[in-house]
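The values are calculated or read from the model by the stated rules, or taken from the named source; none is laboratory data. This one's a predicted model, so the numbers in the text were calculated from it and none came from an experiment. We place every Cβ from the backbone using ideal geometry, glycine too, and count neighbours over all the protein chains shown. Surface accessibility is based on the protein's heavy atoms, side chains included, excluding ligands, DNA and RNA. Shrake-Rupley method; radii C 1.70, N 1.55, O 1.52, S 1.80 Å.
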Amino acid sequence: MKVYDYQWSASFGLDAETAAGELVRDGVDTVLVRNQIDPLPTSGVDQEGYLASGTPVSVAADRAWSDALRAAGLRVYQTTALFFDPGLLQSFPDARPVDANGAPHVGFDWYLGVCPTHDGYLAAKIDRLQRVVAELEPDGLFLSFTRYPGFWENWVPGYTFTNADRFCFCPRCRARFGEDLGIELPPGDAATQARVILEEHGIVWTAWRARRIVAVIDRIAAAVRAGRPQVEIMLNTLPFPVSDFAGLDARREIAAQDLAMLRETVDRFELMTYLQILDRPDSWLEMVVADARPALPDRPLYCTLQVAPLYTHGIHAGRGRAEEITADELDHSARAALDTGADGLVFYHWTDFLVDEAAGGRKRAVLRELSGD
Ligand SMILES: [Zn+2]
C-alpha cells in the first residue's frame, strides 16, 4: 500500500498505532511511505494541502510512523523520487536532460526529469538515502522515477513517440557513450550527434542507457547496504508490453528500464498498471505480466491499481480517461491482476480508501474481501 501522506492523522484522526492496525486489517503486508529527509516533490497527485493542515511533518514523526508500522508486523519501504527533484535539479543545472532534437527537457505539468549520468546530483541523492536508512531503518527502499525522462502517464493507446521523447543527449551523455564504446561521433550539435547515435548505433545506445540505470541502482544499493546490509530494493517500472506501441519497447527503449538487466540488482518489481490513467482495460494486465515475467522468473512482480481516478481535467483532459473507478471495477481489476500470476498488488493509495469509506463507499470492503479470499 502506498501511504505518501499523513492524512490518516490530519483528516481521519487516527494515531500511528491505530492506523498501522487498520492497514493490517486491510490485508496489507508492506507499506510504501515517504519521509522528510528525501521528500517526494510536489506532483499532480500529492497531498501538500492536507500535509500542511495536519500534524507538523518531521523526521521524528516519520520515525514514529515507521516504528508503529513495523511493530504491527508490516514491512516498511521508504520511497525516493530518484530522478525527479526540481529543487535539487536547480543546484545542478547541467543535469537537465536534452532530447534527440537537442532541446533541453521542459517536462510536463508538475513533472521534470533529471539526466541519470550526473554524478553530483546522484551523489546528493545517495547522501540523503544513506541518512534515510540510518535514521529510519527501513526494510527497503522503493525507488521511483529511476529511469530516463518521460511523462508515461500520457502514453495512452495510440501515443506516437518522437525525438522529443528520446533522452539524454546532453554533452556529458554523448561524450560518455562515445568513450565507453570507443565510438567517435562526428562533430556537430546535439541534434546532429543524436541522429547518428540513433540511426547508426541504436541497439548499443539502448543497451548502454539501460546499463546506466542498473549502475545507478547498484551504487545506491552498495551505499545503503554498507550501513544496513538487509535493505531491499524495490523498483517502480513502466508497465508497457512490447506489443503496445507497434513493437516499440517503450520501457526499454525510452525509459531504459531493462528488466532482465535489472533482475540482478533489484529484489522486487512494481509494474505501474495505472489502468485509468493509461486508459487500458483489465484484459491489458495479462499482456503486461506475460511480457515482464520471462525476464523476472524469480523476482516478485506486483501490479499497481488506482483507487480513484486521476488526470481527467485541465492539461490532462481529452486523453480518453474514465471519470470514475467504481468499487466493482476495482474488485474486477484486482482479481484480473492476480489471475495473471502477479505476485501481489500495490494500491495507490490508502487515503483514497479512507475517503471513499467516509463517503459511504465500498472500496475498503472490497480490499478486505480480496485479502481475505
Ligand atoms: Zn545526459
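What value does region 255-373 have for Rg/Rh, both radii from Cα atoms and Rh as Kirkwood defines it?
Rg/Rh for region 255-373 comes to 0.99.
Can you list, bin by bin at 20 Å, the percent of alpha carbon pairs in the chain, starting at 0?
Pairs per bin, as whole percents: 28, 60, 12, 0.
At residue 134 and residue 246, where each label point lies 7 Å from the Cα along Cα→Cβ, what is the point-to-point distance in nanometres?
That separation, rounded to one decimal, is 5.2 nm.
Taking the Cβ-Cβ separation of residue 24 and residue 204 as r and a Förster radius of 45 Å, what is the calculated FRET efficiency to the nearest 0.05? Present the calculation step by step, with values, prior to reporting the outcome.
Numbers: r = 49 Å, r/R0 = 1.08.
The computed FRET efficiency comes out at 0.40.
Sort largest first and round to whole Å: the equivalent ellipsoid semi-axes of region 213-263, each the square root of five times a Cα gyration tensor eigenvalue.
Semi-axes, largest first: 29, 10, 7 Å.
How far apart, in nanometres, would the label points at residue 36 and residue 64 be if each is projected 7 angstrom from Cα along the Cα-to-Cβ direction?
1.1
Compute the length gained on full extension between residue 161 and residue 119: take 0.36 nm times their separation in residues and subtract their Cα-Cα distance, giving the result in nm to one decimal.
Numbers: separation 42, 0.36 × 42 = 15.12 nm, distance 2.84 nm.
Result: 12.3 nm gained on full extension.
With no solvent and one equal point scatterer placed on each C-alpha of region 158-252, evaluate the Debye formula and give log10 I(q)/I(0) for q = 0.13, 0.14, 0.20 Å⁻¹, two decimals.
-0.60, -0.68, -1.06
Tilt of helix 16-25 relative to the longest C-alpha principal axis of the chain, in degrees (0 to 90, nearest 10)?
90
Restricting things to Cα coordinates, could you compute the convex hull volume per residue of region 77-219 in Å³? Walk me through the numbers on the way to the answer.
On the way: hull volume 17.9 nm³, N = 143.
Looking at region 77-219, the number lands at 125 Å³ per residue.
Could you work out [θ]222 nm for the chain from helices alone, using -39500 (n - 2.57) per DSSP H run of at least four and dividing by all its residues? Round to the nearest 500 deg cm²/dmol.
On the way: 15 runs with 152 residues, N = 373.
Helix contribution divided over all residues of the chain: -12000 deg cm²/dmol.
I want to make sure I understand the PRE zone here: with the label point 7 angstrom from the Cα of residue 222 toward its beta carbon, which residues in region 109-152 have backbone N atoms less than 14 Å away?
The answer is 123, whose backbone nitrogens lie closer than 14 Å to the label point.
Using only the heavy atoms of the protein chains and a 1.4 Å probe, how would 313, 201 rank by accessible area, largest first?
Largest to smallest exposure gives the sequence 313, 201.
Roughly speaking, what is the stretch gain from residue 230 to residue 313, that is 0.36 nm per residue apart minus the C-alpha to C-alpha distance, in nm to one decimal?
Extra length available between residue 230 and residue 313 comes to 25.6 nm.
Expressed as a whole percentage, what fraction of the accessible surface of the chain belongs to carbon and sulfur atoms when a 1.4 Å probe is rolled over the protein heavy atoms?
Within the chain, the accessible surface is 51 percent carbon and sulfur.
If you rank 6, 111 by how much accessible surface each has, with a 1.4 Å probe, what is the order from largest down?
6, 111
Go through 263, 252 and list them by solvent-accessible area, largest first, probe radius 1.4 Å.
Of 263, 252, the descending order of accessible area is 252, 263.
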